[in-house]
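Asks: Can you keep this structure in mind? I'll have questions shortly.
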Amino acid sequence: MTPPPFLTVNLVSGLTGSGKSSIARASGRPSIGLTAADPESVSLAIAGHPTPREVMLEVHPSAIPLEVAISVIAAGGDPALRPDTGAIRLGNFVSVLDASSFWRDIRSDSLAPEPPVPCVTHGEHDRTVADALVQQIEWASVVVINKTDLATAADCADLRDFVRLLNPSSHVVFARHGRSAVSPWLPPREDMLTWLQQSPGWIRQLNGEGLLASSRTGLGCVVYRDPRPFHPGRLADFLSDSATESGEILRSRGLFRLASRPHVVGSWNSAGPTIEFEPTDMGSHDPESPWGQEIAFFGRDLDASRLTANLDACLLDDREFIGGPLEWRSLPDPFPAWDLNRDDD
């Protein structure tokens, strides 16, 4: 018998108790628990399974979804796999959400479960429950809203609309006890990894490709842009005192500039109540780098005018802007220093 030309590896993720194991079993595909996200762990998990056609890898809640997908691709060239496995094809990335606890969890600053194996590429474990949920949605090809029998119809509808904001291209289905009246399984894409990298709604919104700007219940997105850099002190004041004045921000993501760090493009990343600023590897004069701010804000009852005005107040004023980078560097900067492992442009 001719062996199959490839092995399809599907990924299923979700917080503990969301029902991801039930979803995996309901698929009818063999399921394998994955304890780490590195290529070697993925290779060993696949190689130790007797079925060479299609498998489900259950991803730990704290794993970085895109990192796991890249590891699956990398595992395709691993000689540890059996000869009859053939080439590896990345199948669907299924994220399972618990409708009964989602809105509580997305507002939580609690840490997500500790990964069984430390993540070498991301250092110490500091991912929150909200951050894990957001990434599970943004990097999914299929989102299963499970336990709908334990939530109100309004909460389920809101969750569906929130998913469509964060990942407008995902296939969304409702389920009870891990089973859905609509099949969540889609034919694998030939370019699944590339598709996943373009799926997050914040990327779509910043590119002008957002399919849903707001819902009838007040969930929506506001995109903020301005070429001037932020004054670090006024931005810190906004985050501590004014961020909630314009509605509930549940997710924000984009690129930004701090005047005190003029040659660095920063990554703006918030999920629930926590926010993280990190340097990117984009050169300050790279044609793709923004001059100032490009940030997408997702939340409930957002007042676009108020949010824009509050953020505008954080920018350098005309007098400060004319001073130039030499003066900007002397501005008081309350944010933690960035560890830059590259030379400034």
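The values are calculated or read from the model by the stated rules, or taken from the named source; none is laboratory data. Note that the structure is a prediction, hence the values are computed from the model and not measured. When we count neighbours, we look across all protein chains shown, and the Cβ atoms used for this are built from the backbone with ideal geometry, even at glycine. Areas reflect the complete protein model, heavy atoms only, side chains present, ligands, DNA and RNA absent. Shrake-Rupley method; radii C 1.70, N 1.55, O 1.52, S 1.80 Å.
Asks: Not counting ligands, DNA or RNA, and with a 1.4 Å probe, what is T217's accessible surface area in Å² rounded to the nearest 10?
Replies: Probe radius 1.4 Å; accessible area of T217 about 70 Å².
Asks: Leaving ligands, DNA and RNA out of it, work out the accessible area of W139 with a 1.4 Å probe and give it in Å² to the nearest 10.
Replies: Roughly 40 Å² of W139 is accessible to a 1.4 Å probe.
Asks: Please say if segment 170-303 is rounded, prolate or oblate, where rounded means a/c under 1.5 for a ≥ b ≥ c the square roots of the C-alpha gyration tensor eigenvalues, and otherwise the choice is prolate for a/b larger than b/c and oblate otherwise? Before the final figure, lay out the partial values.
Replies: Numbers: a/c = 2.51, a/b = 1.51, b/c = 1.66.
Oblate shape, in that a/c is at least 1.5 and b/c is the bigger or equal ratio.
Asks: Which order do you get for D149, D281 if you rank them by accessible area with a 1.4 Å probe, largest at the top?
Replies: Accessible-area ranking of D149, D281, largest first: D281, D149.
Asks: Related question: Could you grab the relative contact order for the chain? Cα pairs under 8 Å, six or more apart, rounded to a whole percent.
Replies: Result for the chain is 15 percent.
Asks: Okay, next question. Not counting ligands, DNA or RNA, and with a 1.4 Å probe, what is H285's accessible surface area in Å² rounded to the nearest 10?
Replies: 140 Å²
Asks: Which far-off residues, 5 or more places away or on another chain, put their amide H under 5 Å from the one on D303, with H placed in the peptide plane?
Replies: Under 5 Å from the amide H of D303: G247.
Asks: Kindly list the residues of segment 14-47 that lie in the label zone of R189, defined by a backbone N under 14 Å from the point 7 Å along the Cα-to-C-beta vector.
Replies: Flagged as within label range: none.
Asks: Okay, moving on. Per-residue HN-Hα couplings for segment 235-245, Karplus 6.51 cos²θ - 1.76 cosθ + 1.60 at θ = phi - 60°, whole Hz, x for Gly and Pro?
Replies: The phi angles translate into 5, 4, 5, 4, 5, 8, 10, 10, 4, 8, 5 Hz.
Asks: Take the Cα coordinates of the chain, assign each an equal point scatterer, and use the Debye formula without solvent to give log10 I(q)/I(0) at q = 0.09, 0.11, 0.13 Å⁻¹.
Replies: Calculated log10 I(q)/I(0) at the listed q: -0.53, -0.77, -1.02.
Asks: Okay, moving on. In Å², what does the accessible area per residue of segment 195-325 work out to with a 1.4 Å probe?
Replies: Result: 44 Å² of accessible area for each residue.
Asks: On to the next question. Using helices alone, I'd like the mean residue ellipticity at 222 nm for the chain: each DSSP H run of four-plus residues gives -39500 (n - 2.57), total over residue count, nearest 500.
Replies: Helix contribution divided over all residues of the chain: -7500 deg cm²/dmol.
Asks: What's the longest uninterrupted piece of the chain once you rule out the trypsin sites (Lys or Arg not before Pro) that are loop residues per DSSP with at most 15 other Cβ within 10 Å?
Replies: 217-328
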